[in-house]
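First comes the structure, then the notes that go with it.
Please treat every number below as a calculation from the coordinates, not as lab data. In this text, all values refer to a predicted model and were calculated from it rather than measured experimentally. As a convention, Cβ positions derive from the backbone with ideal geometry for all residues, glycine included, and neighbour counts pool all protein chains shown.
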There are 2 protein chains.
Amino acid sequence: MQKLKGIKVLLVDDEPNILEFLEMGLQDEGFEVMTAQDGMMAVTLAKQFQPHIIILDVMMPGMDGFEVCRMLKKSENVAIIMLTAKDEVDDRVKGLMLGADDYMMKPFSFEELLARIQARIRNQFPNLMEEVVHGPFRIDDRRKEILYNQRVLELSTTEYELLKYLVINQGLVLSKAKILDKVWGYDFGGDENIVEVYIRSLREKLKDKEHRLIRTLRGSGYRVDL
Amino acid sequence: MQKLKGIKVLLVDDEPNILEFLEMGLQDEGFEVMTAQDGMMAVTLAKQFQPHIIILDVMMPGMDGFEVCRMLKKSENVAIIMLTAKDEVDDRVKGLMLGADDYMMKPFSFEELLARIQARIRNQFPNLMEEVVHGPFRIDDRRKEILYNQRVLELSTTEYELLKYLVINQGLVLSKAKILDKVWGYDFGGDENIVEVYIRSLREKLKDKEHRLIRTLRGSGYRVDL
DNA sequence: AGTAAATATTAAGAATTCGTGATAATCTTC
DNA sequence: GAAGATTATCACGAATTCTTAATATTTACT
C-alpha cells in the first residue's frame, strides 16, 4: 500500500479511549495527528493546525459535529469524515451529514478508517500522493490546474472536476449517474445529458477527435484510457 | 532580512490578552503557533504539536512553568524560553530557570522576543533558516513594505496584508472565503465583493492589466503566479 | 435495411460570477 | 474640524459558465 507523507489529521471525539486508540494507530501509519475532545477545541485547533483531514464524531457535548463541520467547511480546505453510532443514523442525520465528505458508522475497523482516509486524500489532495502523474496527465489540485502533455488545459471549474474524476479513476467505467453524483452532487436535478455535453467539451480541449482518450461505452458510461 | 519558515512555537501563559498578542505577532512573522493557558494543556500540546520552541510563563495557576519545563526537557527536544515578572526574579528563581534555554523579564518588547527566538533557533535548529524572496516580490515585514521588481509599492494596510497573504501562498488557489478569513478575520460580516475590489486595486498598482500575476479562477478564487 | 435507443453536437438563453466606478462611512493627519 | 486617505458598500454591466432543449448521428438489434 502507498504511504502518505506529511498528512495532518485532526481527531475529534469526546471519548479519550477511542481518541488514543486512533491516534496511536494513525501515527503508526505516518500521519501527523492532533486530537480534540470537544467542538470548540476542534475549531480552534483546525484553524491553527490546518489539517488535511478531520475525523469528527457527531455526538459530543456542547458544539456537536454538524456545527463544527459547517463552520470549517466554509473557509478551510479540509476533508471531513464524520463518525456516528449505528442507531443514530436516520434520515435527518443523513441529511446533516451532507456537508461532510464521507461518514462511517461505529463500530468500524481501523483498516476501514484507513481506507477511507486514503480515498479522501486521493480525491481532495491528489498532489500529496506520491503518484500525481497519470500518464500524460498531471493534476495539480492546489493550483487547480491539469496539464496534458506538459500543456496547461484551460478548464472551467466543472470541467476541471470532471476531468480530474475521470483521470483519477482511469481505466474504470464510470456511469453517467455516478459521474453526476460525484461531480455535480447527489441532489442535481437535471438530465444526464449534461454529462455528455461536458464530455464533449473535454474531448475538444483534449483534441480527442476519435474518442480514444475518453471512450464511450454505450449503455455503461465512459472510461479514460491512458 | 532572513525569515524562518515552518518553525513551530508553543505559547504558554494564563493571560489570554498576552497570548493573543504574541500569537498574532508571531504568526505574522511566519511561525506556526499554538497556544495553551495552563501547564497541563501545555504538556499535552507539546507532546502532540512537537514545537521547536516554547515560550513559557513562570507564574500560572496549577502546574507552574518550572514544573512544565522539567517535564518536557526530560523527553522532548525543544528550546524553552521562560517569561517572568521583573519582581519575581530572586536567586531561587534564577536557580530554577536553569533548565530553560533562555529567559526574559516582563515587560519586554515584541522585537526583543523575536530576537531571542531567532537566536535560539539559530542555535538549536541551524538548518531551518530561510530567505524570503518570492520571485519579484520581497516582503519586509518589519517595515510593512513590499518591493516589486526593486520598487516599493504604495499600499494601504489592507492592501499590504492581502498582497502578503497572496504572495506567501503563491501558486495556491485561495477562495474568497478563505481570504476573508485570513486577511479580514473570521468575524467579518460583509460581502465577498470586497475581496474583488481590493484585488482590483492591487492589480492596478502592480500594472497587472492582463491579470497574469493575479489570476482569477472563476468559481474557485485567485492565485498568484510568479 | 429499418427501427429504437443511446449518445453527440449545437446553439441559445439562464444563471452565476466578476469587474468596475461611484459613493458613503470611517479613520488620520495637520 | 477640514482635507485627505482608507475602508466598505452598492448597483449594474460584462464576461463566463451552466443548463436546457432541439436536432443530428451513431449503434445495437431485429
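Brief remarks on what is shown
- Karplus (6.51, -1.76, 1.60) ³J(HN,Hα), θ = phi - 60°, over region A:52-66, in Hz, Gly and Pro reported as x: 7, 9, 10, 9, 10, 6, 6, 8, 9, x, x, 5, 8, x, 4
- Degrees separating the helix A:110-124 axis from the principal Cα axis of chain A, which is the longest one: 50
- Straight-line reach from B:LYS182: taking Cα to Cα under 18 Å and skipping same-chain neighbours fewer than 8 places apart, the aspartates and glutamates in range are A:GLU76, B:GLU20, B:GLU23, B:ASP28, B:GLU29, B:GLU32, B:ASP141, B:GLU159, B:GLU161, B:ASP191, B:GLU192, B:GLU196.
- The amide H of A:MET104, built 1.01 Å from its N in the peptide plane, has A:MET82, A:LEU83, A:THR84 as neighbours under 5 Å, considering only residues 5 or more places off or on other chains.
- Proportion of all alpha-carbon pairs of chain A beyond 22 Å (%): 56
- Gaussian network model of chain A, springs between alpha carbon atoms under 10 Å - residue of A:ILE146, A:ILE53, A:ILE80 with greatest fluctuation: A:ILE146
- For A:ASP141, residues with placed amide H under 5 Å, excluding near neighbours: A:ASN127
- Measure of compaction for region B:139-183 (Cα Rg per 2.2 N^0.38 Å): 1.17
- Each principal axis of the protein assembly as shown carries a Cα extent, and these read 85, 61, 40 Å when sorted largest first.
- Out-of-range pairs (alpha-carbon distance over 20 Å; input A:LYS47/B:LYS8; B:LYS8/B:LYS106; A:LYS164/A:LYS205): B:LYS8/B:LYS106
- Between copies, A:GLY30 shows label-point distances of 2.8 nm, shortest first, with the point placed 7 angstrom from Cα along Cα to C-beta.
- Region A:132-224 - charge dipole about Cα centre, Lys and Arg +1 at Cβ, Asp and Glu -1, debye rounded to 20: 420
- The distance from the alpha carbon centre of region A:145-185 to that of region B:138-153 is 40 Å, rounded to a whole number.
- Taking A:VAL197, A:VAL183, A:VAL33 in turn, the Gaussian network model of chain A (Cα-Cα springs below 10 Å) assigns the largest fluctuation to A:VAL197.
- Placing unit charges on each Cβ (+1 for Lys and Arg, -1 for Asp and Glu) gives the protein assembly as shown a dipole about its Cα centre, and among B:MET40, B:HIS211, A:TYR165 the Cα reaching farthest toward its positive end belongs to B:HIS211.
- Relative contact order, percent, chain A [alpha-carbon distance under 8 Å, six or more residues apart]: 13
- Loop GluC sites (Glu not before Pro), region B:138-211 (other Cβ atoms within 10 Å of the site Cβ: 15 or fewer; DSSP): B:GLU154, B:GLU192, B:GLU210
- Ascending list, in nanometres, of distances separating the A:MET63 label from those of the other copies (7 Å, Cα toward Cβ): 2.5
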